[in-house]
Amino acid sequence: MKVLVVGNGGREHALAWKLLQSPTVEKVFCTPGNGGTALLENCENVPIPVDDFASMKQLVQEKGIELVVVGPELPLSLGIADYLQSHGVKVFGPSRKGAYLEASKSWAKELMRKAGIPTASSAVFTDRESAKAYIRQQGAPIVVKADGLAAGKGVVVAKTETEALAAVDHLFDQQFSKLVIEEFLTGQEVSVLAVTDGNTIVPLIPSQDHKQIGEGDTGANTGGMGAYAPTPILDEKLSRRVYEEILQPALTQLQKDNIDYVGVIYAGLMITPEGNPKVLEFNCRFGDPETQAVLSLLKTPLADIFLACTEKRLALLPPLQWEEGFAVCVILAAGGYPGSYRKGDVITGIDLAEKEGVMVFHAGTKLVDGQLLTDGGRVLGVTGKGNTLQQAIDLTYRAVAKIHFPDMYYRRDIGHRVLSR
């Protein structure tokens, strides 16, 4: 089978890498892919932008591609699944209506309200003055969110009223027409990715992302600076509650709203100090960098899971199989990220890092005349495994030390929240 992976980040490199381990997969195409996917055996990059659906359809027809796996949220929110499915193509990824789960924070909040899903109390605003008046009334800390897609950078956790008021101005200045302002929740954040065929939903092992740029979870929010899986914060009992109180009710509500949802439902959760799970956000695709850690431990062939979802037979698939132990992904970013940063710097040492026994997933890289160059804010995701979380962390950081590019930045404390418990 030939598979197309849409996207060019670390998540897509991980998806392509894992799909190629499936016995049924002969070749993977990536549109547009990156320097890492270019180097994978039996993988080919095709320079088609993620929103050029007509060219993708042509590629699928010319190459005999049987399955399309969509990585990023943007093409999903623009209706790539609807378009390709209308031409008879199997797509792992929700319809445009299903992608509202991520593309509109206010829509997702309304779905949670109807389904009785536990989440932070919130209000929606379309003008600055009303939003600011609400903030003054509620006080800080408080969370200000852009309603639309913002590449992981549309959320401001404001510790002071002044910071929250500035966030309102900043997000409206970014041309967002609607904001969601919600209560600040405390506790431990956990990511639960689940696959669904629209009838059945199956969670993957839980992971923990590290969103903030600075060590000790300080500074600006990013697309994610590292992750590990599984997280002991979500034990078996709590996992069952997440399934019963969040995942299944979300799918049931989508069905009630006549949305046939095929793909990933990603629940970003806060586990409160009392031990209750509450939804911070839903996403309509695999998380990045959670995917790099989670897929590193998956034993069930990934292509089998995706096909079962697209063919409405997920309930018939045997229980997912996982390796014992832990996986850790540490993101190496360009200096200045998540603000402005340079591109085009030479990357060295990946081969030495991989000799340590890790997998280096490429996010913002490109291959030019055989040389790897930086081409994004989050450049690489170094991912190692171990019998214990500490072993996985030690191996990953040992490998990180082998890689170099100018102004390379990474957090040195991935996994700290659970290690310090």
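Coordinate-derived values only; no laboratory data. Small disclaimer: the values here were computed from a predicted structure and weren't measured. Cβ: placed from backbone, ideal geometry, glycine included. Neighbour counts: every protein chain shown.
Data for the structure
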| read-out | value |
| --- | --- |
| Mean Cβ count within 10 Å, highest first, over the residues of peptides 158-167, 14-23 | 14-23, 158-167 |
| Neighbour net charge for T374 - beta-carbon separation under 13 angstrom, K R +1, D E -1 | +1 |
| Surrounding net charge for L298, when Lys and Arg each add one and Asp and Glu each subtract one, Cβ distance under 13 Å | -1 |
| Share of alpha-carbon pairs per 10 Å distance bin for the stretch 302-371, given as whole % | 13, 29, 25, 24, 9 |
| Coordinate range along principal axes, alpha carbons of the stretch 326-419, Å, largest first | 39, 29, 16 |
| Estimated D of the stretch 188-316 in µm² per second, where Rh is the Kirkwood radius over Cα pairs and Stokes-Einstein applies at 25 °C, 0.890 mPa s | 161 |
| Helix-only CD estimate at 222 nm, as mean residue ellipticity for the chain, using -39500 (n - 2.57) per DSSP H run (n ≥ 4) | -8500 deg cm²/dmol |
| Cross-link table K105/K312; K109/K159; K105/K237; K355/K402; K27/K63, entries beyond 21 Å C-alpha to C-alpha | K105/K312; K109/K159; K105/K237 |
| Sorted by Cβ neighbour density within 10 Å, fewest at the top, the residues K355, K90 | K355, K90 |
| Where the Cα pairs of the stretch 122-183 fall when distances are cut into 5 Å bins, in % | 4, 22, 37, 26, 9, 1 |
| Net charge of neighbours whose Cβ lies under 12 Å from the Cβ of G226, counting Lys and Arg as +1 and Asp and Glu as -1 | -1 |
| Share of alpha-carbon pairs per 10 Å distance bin for the chain, given as whole % | 5, 22, 33, 28, 11, 1 |
| Tail beyond 16 Å, pair distance distribution of the stretch 259-335 (Cα, percent) | 67 |
| Furthest towards positive pole of dipole, H87, L380, L111, structure part the chain, Cβ charges | L111 |
